[in-house]
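K.L.:
Provided herewith is a single structure, encoded as structure tokens, for subsequent inquiry.
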Amino acid sequence: MSVTEKQLKQFARLARLDFPEEELAAFKGEFEEMIEFCDSINSAVQGDAASIREVGSAQIDYENLRKDGVTESLPNEKILSNVQGENGCFAVKRVVR
């Protein structure tokens, strides 16, 4: 599939990328290679999902899982002994604006 320069500029704008003209020309060839690769994958499994190998199994062997159990934990005072804490919790800087 051939990609026009106008389409490539639109893709770059949608991805919030800014390319100089000389890089845009070089990227055009690479982008066409990516599209060809995706087309080859699509044509390999066109309409027949049975040819896709199963990665994992949905069945879980519950007999081999460990038993849940309550164990003793460290006391809050010991956990917070090396850090600044507030009301029994770790005090961290706010990262959300």
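K.L.:
Name the one entry in ALA44, ALA50, ALA25 that is over 25 Å from the mean Cα position of the chain (by Cα), surrounded by 10 or more Cβ atoms within 10 Å (Cβ to Cβ) and at pLDDT below 85.
P.N.:
Selected residue: ALA25, the only one of ALA44, ALA50, ALA25 that is over 25 Å from the mean Cα position of the chain (by Cα), surrounded by 10 or more Cβ atoms within 10 Å (Cβ to Cβ) and at pLDDT below 85.
K.L.:
Another question, if that's okay. Given the condition modelled with pLDDT of 80 or more and in contact with a helix residue (DSSP H, G or I) (Cβ under 8 Å, 6 or more places away or on another chain), answer yes or no: does some residue in segment 55-78 qualify?
P.N.:
no
The values are calculated or read from the model by the stated rules, or taken from the named source; none is laboratory data. Keep in mind the model is a prediction, meaning the values are calculated, not measured. In this analysis, Cβ positions are derived from the backbone assuming ideal geometry, glycine residues included, and neighbour counts consider all displayed protein chains.
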